[in-house]
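Values quoted throughout were computed directly from the atomic coordinates according to the rules given, and no laboratory measurement underlies them. Model, not experiment: these values are computed from the prediction. With ideal geometry, Cβ positions are generated from the backbone for all residues, glycine too; neighbour counts draw on all protein chains shown.
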Amino acid sequence: MNITDINNAAAGPITDLPSHYLVIDDSGLARLVTPGPDTLSDIQTLVDGYVECVSLPGGIDAWVNEEGLLRNPQDFMYNYLATDIVREWTGQPYDLVGPCVFTSNDGKGATNGCLAGFTIDTLNKGMELTPRHESDHALLLFHTVKECADLMAESRKAQQEAVDAQMKAEAEGEMYADFGMSWIHGGGHPDDVRQAWSQHKADMGWDR
């Protein structure tokens, strides 16, 4: 959902938003999340672990998992959208991995929800939001912390399953090529390689 869609739903350009975190996961999906009573616990839940903060101009903070780089690629992926936003605002070559939570600070050590102006500016620059619910009759933009964390966990699981499947396919392709060469060098006919490979996998129990 882009800024035009949101403005149309609001019957005019939005100029403010309720208190929220702007959460961008490493698949590029952006969500607005309603803060709970414990900000640190919220952020730890959303980034899935210990937190690390990158300070942006204007009192904005970007929070990521402290071990994000170590957990890439087994848990997290490179967060292109959040990285672009942070680099634009800081002018520094940051590389962000995993979910990123944008908040604000009061300059005295307290962390608050993200500034509405920052979120609206980011939307005006092309970022799209994933709403909690959208239909012809209702639009709900704001997720709870748990809802957002669960959605990101499901996404990570699906991504990891896809990566595992790709790696398995690549490994099997290499083994098939090696088997085919051995089969032919051993006197087998090239036309029988596929059938022999299927039998070999069955004998090894790989198809179970």
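List of remarks:
- Filtering region 93-119 to residues that are in contact with a helix residue (DSSP H, G or I) (Cβ under 8 Å, 6 or more places away or on another chain) and over 19 Å from D25 (Cβ atoms) leaves P93, S104, T111, N112.
- Applying a threshold of 9 Å to beta carbon distances and a minimum spacing of six or more residues, or different chains, the list of pairs starting in region 132-144 at a residue that is more than 22 Å from G36 (Cβ to Cβ) and ending at one that is in a strand (DSSP E or B) reads E134/L140; L139/H133.
- Which listed residue, of V97, V64, is closer than 16 Å to M152 by Cβ and touching a residue at least 40 places away in the same chain (Cβ under 8 Å): V97
- Under the condition of being closer than 22 Å to I85 by Cα and among the hydrophobic types (A, V, I, L, M, F, W, C), the residues counted in region 119-144 number 6.
- Count - residues of region 157-196 that are touching a helix residue (DSSP H, G or I) at 6+ places or on another chain (Cβ under 7 Å) and within 30 Å of P99 (Cβ to Cβ): 0
Yes/no per residue for (1) within 16 Å of C114 (Cβ to Cβ); (2) touching a residue at least 40 places away in the same chain (Cβ under 8 Å); (3) surrounded by 15 or more Cβ atoms within 10 Å (Cβ to Cβ); (4) acidic (D, E):
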site: A11; (1), (2), (3), (4): no, no, no, no
site: L17; (1), (2), (3), (4): yes, yes, yes, no
site: I24; (1), (2), (3), (4): yes, yes, yes, no
site: V54; (1), (2), (3), (4): yes, yes, yes, no
site: G58; (1), (2), (3), (4): yes, yes, no, no
site: P93; (1), (2), (3), (4): no, no, no, no
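- Filtered residues of region 65-74 (kept if surrounded by 20 or more Cβ atoms within 10 Å (Cβ to Cβ) and part of a loop (DSSP other than H, G, I, E, B)): G68
- If you filter region 133-163 down to residues that are of a type in the set (D, E, K, R) and within 17 Å of the chain's Cα centre (by Cα), you find that the one that is nearest to A11 (Cα to Cα) is E147.
- Yes/no for T103 being part of a strand (DSSP E or B) and within 18 Å of the chain's Cα centre (by Cα): yes
- So A62, is it under 14 Å from the mean Cα position of the chain (by Cα), among the small types (G, A, S) and buried (at least 21 other Cβ atoms within 10 Å of the Cβ): no
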